[in-house]
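The structure appears below as structure tokens.
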Amino acid sequence: RALEAEVELLWLTSEVRQDRPTVKDEVSTVIWYLETRLVDAAAAARDALIHAYKETYGEDAAASVRSAVPLRMGNWVGGDRDGNPFVTPEVTLATARRASHAMLGHYEQKLTHLIERASLSASIAEPGRELLASLEGDRVLLPDVFDMNRARNVDEPLRLKLSYMKARVTRARSHTASRDAGRNDVDAAAYASAEEFARDLVLVRTELLRAGARMACETFVEPLLALVQAFGFHGFMM
């Protein structure tokens, strides 16, 4: 019934738009595909590659390609220079920032899911010195996050680290939005680059492996790390 309803509406839809789409309309479309299709497709391609290696060559071969980034996405909409007078440098900057804003939002969601799951107890899995040192630095940058989570995460340093990471991604996203609005709100706590975010994800991966949570690492952390390596904070290459 749902399929028939969709077909019914399609039969009543004009084949050609009556108004010419603007560059902003085109940008909105490609950002929609980035958020709802391409990021998931890239993750699925990586997952399929790893499983194919495992089935064909064994676990050791699959482990060697876990860091592979099989797909990176490019986009010319909003950045083409083929004579369209409406594609200005300002439009290109706005397009890049919108893609960045979308990707940072995706990372926020992934970190939220990780925070919900990463309940490792320090009394069971002793945290490493690098993680503890990192938490001290994060506490200086984000005292409000520490105050909010200090009691709840007193025995869960990895979850606390992920909460800091989410806050830093959120601030990076806010910074991108401020620049698109004509401001440049400086925030020392925001991640300055995708590489900085990736380093923290590598730290999380190391802690999970130290604790013996290899499957959790492969399922939740490594796919996110691969996405960051593929899409960075930019989303599309332009």
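The values are calculated or read from the model by the stated rules, or taken from the named source; none is laboratory data. Predicted, not measured: the structure shown is a model, and the values here were computed from it. Glycine gets a Cβ as well: all are built from the backbone with ideal geometry, and neighbour counts include every protein chain shown. Keep in mind that these areas ignore ligands, DNA and RNA; they rest on the heavy atoms of the full protein, side chains included. Shrake-Rupley method; radii C 1.70, N 1.55, O 1.52, S 1.80 Å.
Residue-by-condition table, conditions (1) more than 25 Å from Gly232 (Cα to Cα); (2) open to solvent by 100 Å² or more (accessible area, probe 1.4 Å); (3) modelled with pLDDT of 90 or more:
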{"site": "Thr13", "(1), (2), (3)": "yes, no, yes"}
{"site": "Asp19", "(1), (2), (3)": "yes, no, no"}
{"site": "Val27", "(1), (2), (3)": "no, no, yes"}
{"site": "Thr36", "(1), (2), (3)": "no, no, yes"}
{"site": "Ala45", "(1), (2), (3)": "no, no, yes"}
{"site": "Tyr53", "(1), (2), (3)": "yes, no, no"}
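Could you figure out which of (1) within 23 Å of His101 (Cβ to Cβ); (2) assigned to a helix (DSSP H, G or I); (3) aliphatic (A, V, I, L, M) isn't true of Val140?
For Val140, the failing item is (1).
Here are the criteria: (1) assigned to a loop (DSSP other than H, G, I, E, B); (2) without any contact (Cβ under 8 Å) to a residue 60 or more places away in the chain. Tell me which single one Val87 does not satisfy.
Status for Val87: all satisfied but (2).
Go through (1) over 19 Å from His113 (Cα atoms); (2) modelled with pLDDT of 95 or more; (3) crowded, with 21+ Cβ neighbours inside 10 Å and name the single condition Glu196 misses.
(3)
Inside the range 8-23, can you point out the residues that are in contact (Cβ under 8 Å) with a residue 40 or more places away in the chain and either assigned to a loop (DSSP other than H, G, I, E, B) or touching a strand residue (DSSP E or B) at 6+ places or on another chain (Cβ under 7 Å) (or both)?
Thr22
Sort out which residues of the range 204-229 are part of a loop (DSSP other than H, G, I, E, B) and surrounded by fewer than 18 Cβ atoms within 10 Å (Cβ to Cβ), and write them in order of number. Give the steps one after another, and end with the answer.
Going through the range 204-229, the residues part of a loop (DSSP other than H, G, I, E, B) turn out to be 211-213.
Answer for the range 204-229, where residues must be part of a loop (DSSP other than H, G, I, E, B) and surrounded by fewer than 18 Cβ atoms within 10 Å (Cβ to Cβ): just Gly212.
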